[in-house]
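Asker: Have a look at this one.
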Amino acid sequence: MKRYLALDIGGTKIACGRFTEDGLLEEKILFPTRAERGYKEILKDIVSVLLRLKTEDTIALGVGTAGPLDRIKGEIYSPPNLPGWDGVPLKKDLYENLKIPIFIDNDANAACLGEYIFGAGKGVKNMVYVTVSTGIGGGIIINGSLVHGVRDSAGEVGHQTIVPDGPLCNCGNKGCLEALSSGTAIAKRAMEEINSGKDTILKQWAKNEKITAKHVREAMLMGDEVAREIWNNAMEYLGIGIGNIITIVSPERVVIGGSIGLSGKDVIEKIREVVKRRVFLVPVDMVDIVQAELGEDVGIYGAFAVALVEMRNRGGD
Ligand SMILES: [Zn+2]
């Protein structure tokens, strides 16, 4: 039996796992990133955990990490949540310690591939993955392969302009989907409404804790009008963004993940409703819009999938 290692690097936690080639997750080890330690210290921990997981029959390592990055060189270029990772040679450093082939992709592309092979994307050829949590990311699969684009920048579904002069986005543009529908954007809207003196239960809650998108959803479910409007606007924009992607890609399936994306069936229903209202040239009844299935393990399944696909392409199985 051949085995694979998988590594998912996030700003708050790092997950490592060992899989059999047919997709069984045999062992998983999680530890906090403590990103302020910087690259060298974090790398030391990663290597020691991966060496512990590595068996004699382990043939490759797949990595999903925050980008931007160069997939082929395996270098990472200053992700906002990994301070000090400024052009670090992650692939080279891992190879020196592990001596097996290493394949890297950004975390959203990896998650997309993970859902495609092991989760909600099974059985189709064309799929779009959209993850909605603190940010909005995604990936696009066409004819069974991830679309990478120029310097691995394809699939950034969160950074399409939705409102020309909308709120400023982290990427530098205004009115991106991420600046309108992410958890961060929803919380920011709530604070604006609270500060403008609107009558909302969120105002009471804000006295004791930092308001998040979760609070807005909770208030909305309790019947709070201000929260309902914030939430509905964010979901309307999300539906518009996903409708745009469907118009361009016409995938058989759209898989929605992330804490906001998975917060309730109503999110999927709202997206379907907006898509029906706004997409005319694609037969939308033939496009499934579904929830992601891999849950919190999507990161390591995705990292594994990145290596599995590359090894199969090489004729490695
Ligand atoms: Zn943006």
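Asker: Convex hull over the Cα atoms of the chain, averaged projected area in nm²? Before the final figure, lay out the partial values.
Answerer: Details: hull surface 67.5 nm².
So the Cα hull casts an average projection of 16.9 nm².
Asker: Ignoring solvent entirely, what values of log10 I(q)/I(0) come out of the Debye formula for the range 120-293 at 0.13, 0.16 Å⁻¹ when each Cα is a single scatterer?
Answerer: So the normalised log intensities work out to -0.63, -0.92.
Asker: Let me ask you something else. Where does each of 33, 55, 184 land when they are ordered by accessible area, with a 1.4 Å probe and the largest first?
Answerer: On the way: 33 0, 55 45, 184 80 Å².
Putting 33, 55, 184 in descending order of accessible area: 184, 55, 33.
Asker: Just how large is the dipole of the range 92-246 about the Cα centre, in debye to the nearest 20, putting +1 at every Lys and Arg Cβ and -1 at every Asp and Glu Cβ?
Answerer: Values: 15 positive and 18 negative charges, 31 e Å.
Here the size comes out at about 140 debye.
Asker: Separation of the range 205-245 and the range 1-72 by C-alpha centroid, Å?
Answerer: 34 Å
Asker: Once every Cα of the range 60-142 carries one equal point scatterer and solvent is ignored, give the base-10 log of I(q)/I(0) from the Debye formula at q = 0.12 Å⁻¹, two decimals.
Answerer: At q = 0.12 Å⁻¹ the computed log10 ratios are -0.40.
Asker: How many nm is it between the label spots at residue 96 and residue 174, if each spot is 7 Å from the Cα in line with the beta carbon?
Answerer: Going from the residue 96 label point to the residue 174 one covers 4.7 nm.
Asker: From the protein chains alone at 1.4 Å, what is the descending order of accessible area for 228, 217, largest first? Before the final figure, lay out the partial values.
Answerer: Details: 228 100, 217 30 Å².
My answer, sorted largest first, is 228, 217.
Asker: While we're here: Rounded to the nearest 500 deg cm²/dmol, what is the calculated helix-only ellipticity per residue at 222 nm for the chain, with -39500 (n - 2.57) per DSSP H run of length n ≥ 4?
Answerer: Details: 11 runs with 129 residues, N = 317.
Estimated from H runs of four or more residues: -12500 deg cm²/dmol.
Asker: Now, a different point. Dipole of the chain, Cα-centred, from +1 at each Lys and Arg C-beta and -1 at each Asp and Glu C-beta, to the nearest 20 debye?
Answerer: Taking the Cα centre of the chain as origin, the dipole is about 260 debye.
Asker: Let me ask something additional. Can you list residues from other chains, or at least 5 along the same chain, whose modelled amide H is less than 5 Å from the amide H of residue 69?
Answerer: 77
Asker: Could you give the distance between the Cα centres of the range 76-138 and the range 157-172, to the whole Å?
Answerer: Centre-to-centre distance over Cα atoms comes out at 23 Å.
Asker: Starting from the Cα of residue 92, draw a straight line to each of the aspartates and glutamates and keep only those under 12 Å, dropping any in the same chain fewer than 8 residues away.
Answerer: 75
Asker: Give the carbon-plus-sulfur fraction of the accessible surface of the chain in %, rounded to a whole number; probe 1.4 Å, heavy atoms of protein chains only. Intermediate results must be reported in sequence, preceding the final value.
Answerer: Details: 7550 of 14740 Å².
The value for the chain is 51 percent carbon and sulfur by accessible area.
Asker: How high is the relative contact order of the range 82-141, in percent, with contacts defined as C-alpha pairs under 8 Å that are six or more residues apart? Don't skip to the end; give the middle numbers.
Answerer: Details: 47 pairs, mean separation 15.8, N = 60.
So the answer I get is 26 percent.
Asker: Under 5 Å between amide hydrogens, which residues at least 5 positions from residue 104 or on another chain qualify, with H placed 1.01 Å from N in the peptide plane?
Answerer: Close amide H contacts, sequence-distant or interchain: 63.
Asker: On full extension of the chain, what length is gained from residue 214 through residue 165, given 0.36 nm per residue of separation minus the C-alpha to C-alpha distance?
Answerer: Working: separation 49, 0.36 × 49 = 17.64 nm, distance 2.64 nm.
So the chain would gain 15.0 nm between residue 214 and residue 165.
Asker: So how far apart, in nm, are the two label points at residue 40 and residue 28 if each is 7 Å from Cα heading toward Cβ?
Answerer: It is 3.3 nm.
Asker: Ratio of Rg to Rh for the range 210-317, alpha carbon only, Kirkwood? The partial results should precede the final answer.
Answerer: Numbers: Rg = 17.2 Å, Rh = 15.9 Å.
Here the Rg-to-Rh quotient is 1.08.
Asker: In addition: Among 2-11, 190-199, 74-83, how do they line up from the highest to the lowest mean number of other beta-carbon atoms within 10 Å?
Answerer: Details: 2-11: 23.2, 190-199: 14.1, 74-83: 16.8.
The packing order, highest mean first, is 2-11, 74-83, 190-199.
Asker: If you don't mind, another one. Out of the DSSP beta bridges found with both residues in the chain, what percent are antiparallel (nearest 5)? Can you show the working numbers first?
Answerer: Working: 28 of 49 bridges.
Around 55 percent antiparallel, to the nearest 5.
Asker: Give a quick list of trypsin sites (Lys or Arg not before Pro) in the range 68-163 that DSSP marks as loop, anything other than H, G, I, E or B, with at most 11 other Cβ atoms within 10 Å. Intermediate results must be reported in sequence, preceding the final value.
Answerer: Working: sites: 71, 73, 91, 92, 99, 122, 125, 151; in loops: 71, 73, 99, 122, 125.
Here the trypsin sites (Lys or Arg not before Pro) that fit, given the DSSP loop and packing criteria, are 99.
The values are calculated or read from the model by the stated rules, or taken from the named source; none is laboratory data. Note that the structure is predicted; figures quoted are calculated from it, not measured. As a convention, Cβ positions derive from the backbone with ideal geometry for all residues, glycine included, and neighbour counts pool all protein chains shown. We work out accessible area using only protein heavy atoms, side chains counted, and drop any ligands, DNA or RNA first. Shrake-Rupley method; radii C 1.70, N 1.55, O 1.52, S 1.80 Å.
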